[in-house]
Amino acid sequence: MRKDVAFASQRFELSERRACKLLGMDRGSYRYEPRPDHNGPLREALVVLARQKPRYGYRRLHALLERRDHPASVMRIYRLYRAEGLAVRRLKRKRLSRVAAVTHVVRSNQEWALDFVCDTLATGRGIRVLAVVDAFTRENLSLEVDTSLSSRRVTRSLEGVIERRGNPEAIRCDNGPELTSRHFLSWCEERKIQLIHI
């Protein structure tokens with residue numbers, strides 16, 4: 001339509017106003033110039049990160065992007081996330097068939113496994129135990145016991161183990177709230193520890 005207005009004004013020597021009126025186009029629409037996309041680098045970083053971590057939603061991706069020098073509000077990340085058609089894929093539950101697991105762990109400190117165990121005292125009060133195990137040697141590295149264990153307490157316990165044993169390459173854990181919190185994710189990111197959620 002804009003090309004038609006330009007053609008009419010040049011070919012028939014009409015004013016812009018008259019050409020727009022004849023073709024039924026608003027002059028503001030004819031003169032409109034699209035604004036440049038200021039979200040280009042942020043959009044690219046978001047898409048790359050979402051492909052690397054397909055199980056992360058926009059809030060977790062926002063926390064990672066902030067750590068990687070892409071400051072933006074959560075809502076801005078959400079708008080870009082939706083505009084790019086990104087979404088956490090819902091996993092279809094499948095019946096497990098038990099086969100012998102092929103281990104990819106070949107040395108100590110390659111992968112640690114974290115899990116919580118719950119029990120109740122004789123008084124009726126519940127306790128939780130954080131168990132940290134080396135996946136290769138099956139050695140118990142730490143047992144942290146308390147009535148509640150926050151993500152900061154978990155990272156404090158892991159730092160004590162790291163002082164004795166060194167950094168692991170990866171940590172395998174479930175999707176509990178302590179192990180999916182922003183604090184725990186950023187702690188793993190800072191120490192270059194790969195996080196494997198089961």
Inset, instruction - Tally the DSSP beta bridges in the chain and give the antiparallel ones as a percent, rounded to 5. - result: 70
Legend entry - Of all DSSP beta bridges in region 115-198, antiparallel share, percent nearest 5: 75
Legend entry - Rg/Rh for region 40-83, where both radii come from Cα atoms and Rh is the Kirkwood radius: 0.89
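Let me make sure I get this right: for region 126-198, a, b and c are the square roots of the gyration tensor eigenvalues over alpha carbons, sorted descending. Under 1.5 in a/c it's rounded, otherwise prolate if a/b > b/c, else oblate. Which is it?
Since a/c stays below 1.5, the shape of region 126-198 is classed as rounded.
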Legend entry - Fewest-first ranking of Ser15, Ser157, Ser142, using other Cβ atoms within 10 Å as the exposure measure: Ser15, Ser142, Ser157
Legend entry - Ratio Rg/Rh, restricted to the chain and using Cα atoms, in which Rh is the Kirkwood radius: 1.28
Inset, instruction - Consider a paramagnetic label point 7 Å from the Cα of Asp115 along Cα→Cβ; state which residues of region 162-176 have an amide N under 14 Å from it. - result: 172-176
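Read the figures in this text as sums done on the coordinates, not as results from a lab. What you see is a predicted model, and the numbers here were worked out from it, not measured in a lab. Note that we place each Cβ from the backbone using ideal geometry, even for glycine, and neighbour counts take in every protein chain shown.
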